[in-house]
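Asks: Take a look at this one; I'll ask things after.
The values are calculated or read from the model by the stated rules, or taken from the named source; none is laboratory data. Just so you know, these numbers come straight off a predicted model, no measurement behind them. Cβ: placed from backbone, ideal geometry, glycine included. Neighbour counts: every protein chain shown.
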Amino acid sequence: MTWRITSTAVLAIMLLSPDFTTAAAAGALEQTIDDCESCHGEGGASSHENIPVIGGMSSFYLDAQLHAYQDGYRPCVEVEYPAGPEQGEMGDMCEEVEGLSDQQISAIADYFAEQPFVVPDQETNPDLVAQGENLHQQHCAKCHSEGGGLAFDDAGILAGQWRGYLEQTFEEYRTGERWQPEKMAPKMEQLSDDESSALIEFYVAQEPLE
Ligand code: HEC
Ligand code: HEC
């Protein structure tokens, strides 16, 4: 008797649980994405220069970055939530990815990869852009094709990105705080401060491919 009651109860739970899990998981995912968008803007179209635009980057690249934060290969910069229910409070990427499963990360990466990369409006200095273009062709174009504007390269999108974010992340590469591909490191390390600024100016002036 006891067995029958228990098995019926177990069966009922088994029949119900797939739906319950799916609905709960979908709700949790939506909530996480809302939180991302409080900082990165709707669809990842950030309007803050220290927070990168993430919409339109490849799913592969986004997935890799979320894992890099989770596994400690990338430092996390604390910023103020510019919007949303936590507006004015401090947050960072390490906190954001804590506890996310591989499946959740993959779904979030797919979501942002499907959004357009919305280029923010920034002024640029044409002389510096021209210098940066030369350096880019010599040292970076092999991997960052189309002026760093091709999501398909799986190397992020540099074209049209916020200057503040690019300055921050160049610094992290040059100080060794952020992991970088073996063949990119010598190219980054040999750049002078002026050359870095020119490269950044070049990327800011580009637009990613549709
Ligand atoms: C409190 C604000 C904040 C929240 C919330 C937030 N981010 Fe970020 N995110 C940042 C900042 C600032 C950076 C850049 C500095 C750094 O690397 O820490 C960044 C960087 C990133 C990058 C790296 C972009 C690149 O070009 O390499 C990705 C990808 C990213 N965030 C995705 C997300 C996702 C997905 C979520 C939600 C799970 C999220 N972020 C939530 C502030 C935030
Ligand atoms: C051998 C190929 C290669 C070369 C050469 C290379 N990169 Fe990269 N770069 C990559 C890859 C791959 C990534 C993505 C790394 C990751 O997944 O964390 C990347 C990432 C970046 C990022 C981060 C993008 C983001 O959204 O945060 C910047 C900035 C960057 N590279 C700049 C440069 C510059 C500037 C040069 C030339 C001086 C250069 N790279 C040369 C392959 C390369």
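Asks: Which members of region 53-95 meet the condition of being hydrophobic (A, V, I, L, M, F, W, C), more than 15 Å from ligand 2 (Cβ to nearest atom) and free of Cβ contacts under 8 Å to residues at least 40 places away in the same chain?
Replies: 90, 94
Asks: Within region 147-167, how many residues are within 18 Å of residue 62 (Cα to Cα) and either near ligand 1 (Cβ under 9 Å from one of its atoms) or not in a loop (DSSP other than H, G, I, E, B) (or both)? Reasoning before the result, please.
Replies: Filtering region 147-167 down to residues within 18 Å of residue 62 (Cα to Cα) leaves 148-162, 165-166.
Those left that are additionally either near ligand 1 (Cβ under 9 Å from one of its atoms) or not in a loop (DSSP other than H, G, I, E, B) (or both): 148, 151-153, 156-158, 161, 165-166.
Here the count works out to 10.
Asks: Residue check, residue 47 against (1) among the small types (Gly, Ala, Ser); (2) in contact with a helix residue (DSSP H, G or I) (Cβ under 8 Å, 6 or more places away or on another chain); (3) surrounded by fewer than 16 Cβ atoms within 10 Å (Cβ to Cβ), all met but one. Which one?
Replies: Looking at each condition in turn, residue 47 falls short on (2).
Asks: What pairs come out if I take residues in region 129-157 that are over 22 Å from residue 192 (Cα atoms) and charged (D, E, K, R) and pair them with residues that are away from ligand 1 (no atom under 16 Å from the Cβ) and at pLDDT below 95 whose C-beta lies under 7 Å away, six or more apart or interchain?
Replies: 146/209
Asks: Then there's this: State which residue is surrounded by the most Cβ atoms within 10 Å (Cβ to Cβ) when the search covers only region 168-189 and only residues that are touching a residue at least 24 places away in the same chain (Cβ under 8 Å) and outside any helix (DSSP H, G or I).
Replies: Among them, the one singled out is 178.
A quick yes/no check of all residues on (1) at pLDDT 95 or above; (2) aromatic (Phe, Trp, Tyr):
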| residue | (1), (2) |
| --- | --- |
| 6 | no, no |
| 24 | no, no |
| 28 | no, no |
| 44 | yes, no |
| 49 | yes, no |
| 70 | yes, no |
| 81 | yes, yes |
| 92 | yes, no |
| 95 | yes, no |
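Asks: Okay, moving on. Scan region 101-109 and give yes if some residue there is in contact with a helix residue (DSSP H, G or I) (Cβ under 6 Å, 6 or more places away or on another chain) and either not in a helix (DSSP H, G or I) or not assigned by TED's automatic domain parsing to the domain that holds residue 69 (or both), otherwise no.
Replies: Checked against the condition, which is being in contact with a helix residue (DSSP H, G or I) (Cβ under 6 Å, 6 or more places away or on another chain) and either not in a helix (DSSP H, G or I) or not assigned by TED's automatic domain parsing to the domain that holds residue 69 (or both), region 101-109 yields no hits at all.
Asks: Then there is this: What number goes with the only condition from (1) in contact with a Leu (Cβ under 6 Å, 6 or more places away or on another chain); (2) within 11 Å of ligand 2 (Cβ to nearest atom) that residue 150 does not pass?
Replies: Evaluating residue 150 over (1) in contact with a Leu (Cβ under 6 Å, 6 or more places away or on another chain); (2) within 11 Å of ligand 2 (Cβ to nearest atom) leaves (2) as the failure.
Asks: I've got another one for you. Checking the structure you have, find out if any residue of region 194-205 is part of a helix (DSSP H, G or I), farther than 22 Å from residue 49 by Cα and in contact (Cβ under 8 Å) with a residue 24 or more places away in the chain.
Replies: Within region 194-205, none of the residues are part of a helix (DSSP H, G or I), farther than 22 Å from residue 49 by Cα and in contact (Cβ under 8 Å) with a residue 24 or more places away in the chain.
Asks: Any idea how many residues of region 189-210 are under 20 Å from the mean Cα position of the chain (by Cα) and over 18 Å from residue 159 (Cβ atoms)?
Replies: Residues flagged as under 20 Å from the mean Cα position of the chain (by Cα) and over 18 Å from residue 159 (Cβ atoms) within region 189-210 amount to 0.
Asks: For residues that are assigned to a helix (DSSP H, G or I) and more than 26 Å from residue 186 (Cα to Cα), tally how many sit in region 117-141.
Replies: 1
Asks: Moving on. Can you go through 121, 110 and tell me which one is within 16 Å of the chain's Cα centre (by Cα), on the phi < 0 side of the Ramachandran plot and loosely packed, with under 13 Cβ neighbours inside 10 Å? Even if it seems obvious, please write down each step before you answer.
Replies: Numbers: 121 fails: within 16 Å of the chain's Cα centre (by Cα).
Criteria check complete, one pass: 110.
Asks: Out of (1) within 20 Å of residue 178 (Cα to Cα); (2) within 16 Å of ligand 1 (Cβ to nearest atom), what's the single condition that is false for residue 119?
Replies: The one condition residue 119 does not meet is (1).
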